[in-house]
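See structure below.
The values are calculated or read from the model by the stated rules, or taken from the named source; none is laboratory data. Computed from a predicted structure; not experimentally measured. Positions of Cβ are generated from backbone atoms using ideal geometry, with glycine treated the same way; all protein chains shown enter the neighbour counts. In case anyone asks, the SASA skips ligands and DNA or RNA and just uses the protein heavy atoms, side chains included. Shrake-Rupley method; radii C 1.70, N 1.55, O 1.52, S 1.80 Å.
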Amino acid sequence: MVNEILKNNKISWDKVAHHFNGKDALPSYGPFTQTEDELHLFDDVTNKKVLDIGCGSGHSLRYMSEKGARELWGVDLSENQITTAFETLKNLNPQLFCAAMEKDVGIPKNYFDLVYSIYAIGWTTDLATTFQLIYDYLKIGGYFIFSWDHPLYPHLKSENGRIYLEGSYQKESSVTYNHFKGEDAKMVIPTRKMSTYINELIKIGFSIDQVIESDVSASFDSIEDSVSDRYYSLHKARRFPTTMIIKACKH
Ligand SMILES: C[S@@+](CC[C@H](N)C(=O)[O-])C[C@H]1O[C@@H](n2cnc3c(N)ncnc32)[C@H](O)[C@@H]1O
């Protein structure tokens with residue numbers, strides 16, 4: 001069943017990859033969300049070895065390179081995303097793996113100063129294994145930063161601007177989309193509670209440095225929001241955090 005989900009999501013990500021070329025990569029943490037320039041979560045990355053989980057088109061890794069990172073590593077489920085990432089990172093000697101983040105594909109252990117993931121971690125079908133692998137990839141003193149939809153967000157629906165709860169936040173399961181980005185692409189995305197993310201990190205031995213429930217980036221300050229029922233909208237983001245961001249450390 002899990003392998004079935006991964007197989008399907010992979011086919012679908014290959015179909016929709018072109019919609020995500022450079023979209024919402026660092027310094028962005030997600031839709032309407034404060035950026036790294038506003039939050040300053042990363043320590044100095046000069047000469048650091050970094051690993052991007054769900055690296056997509058490679059633009060976050062390029063950002064890391066511009067900030068001075070020495071080794072750029074990434075893993076992503078989609079063949080097409082990895083092909084684009086190689087293009088984006090041409091001449092930067094990236095180490096990129098086309099694989100599921102929940103599988104051990106031989107990425108070195110006790111090696112990285114920093115592992116991060118921008119809007120990808122929630123796709124994992126096995127959160128505990130994924131976090132354990134990330135913990136293992138890190139050196140002692142290394143840290144992990146990820147951003148993802150605020151866990152309540154998939155349950156927030158909107159009708160004429162009125163926001164209401166759909167389904168159950170209590171019951172962890174998954175949502176299935178038969179179309180994604182307007183394409184005939186079936187995607188299954190697990191739904192989890194905020195506490196599940198935090199407790200899984202703690203169970204493995206991470207210490208939590210910061211938990212952020214996003215606010216709207218200052219770059220939208222001059223923009224008036226109009227009522228919108230879109231999944232992501234300024235109207236919704238001004239009323240509820242779109243993104244959760246967690247920074248955790250391996251001691
Ligand atoms: C919204 S995109 C984010 C891309 C990238 N982090 C960025 O900053 O541009 C989500 C990415 O997660 C990848 N993905 C989905 N499920 C995955 C899995 N189980 N393992 C690894 N990558 C996965 C998709 O292929 C896609 O590239």
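Key figures
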quantity: Of all residues making up region 127-177, the number that are at pLDDT 95 or above, acidic (Asp, Glu) and either in contact with a helix residue (DSSP H, G or I) (Cβ under 8 Å, 6 or more places away or on another chain) or within 30 Å of Arg238 (Cβ to Cβ) (or both); calculated: 2
quantity: Lys139 being more than 9 Å from the ligand (Cβ to nearest atom) and surrounded by fewer than 24 Cβ atoms within 10 Å (Cβ to Cβ); calculated: yes
quantity: Pick from region 87-107, criterion over 15 Å from Ala69 (Cβ atoms) and out of contact with any Leu (no Cβ under 9 Å at 6 or more places or on another chain), ranking: farthest from the ligand (Cβ to nearest atom); calculated: Lys90
quantity: Residue list for region 60-83, restricted to those being within 18 Å of Lys10 (Cα to Cα) and crowded, with 21+ Cβ neighbours inside 10 Å; calculated: Gly74, Val75, Asp76, Leu77, Ser78, Gln81, Ile82
quantity: Test result for Gly122, free of Cβ contacts under 8 Å to residues at least 40 places away in the same chain and within 16 Å of the ligand (Cβ to nearest atom); calculated: no
quantity: Condition check for Ser117: within 9 Å of the ligand (Cβ to nearest atom), of a type in the set (Gly, Ala, Ser), open to solvent by less than 30 Å² (accessible area, probe 1.4 Å) and touching a Lys or Arg at 6+ places or on another chain (Cβ under 8 Å); calculated: no
quantity: Filter result for Ser57 (at pLDDT 95 or above, assigned to a loop (DSSP other than H, G, I, E, B), surrounded by 20 or more Cβ atoms within 10 Å (Cβ to Cβ) and polar (S, T, N, Q)); calculated: yes
quantity: Residue satisfying all of: in region 109-143; aromatic (Phe, Trp, Tyr) and assigned to a strand (DSSP E or B); nearest to Tyr29 (Cα to Cα) among these; calculated: Tyr116
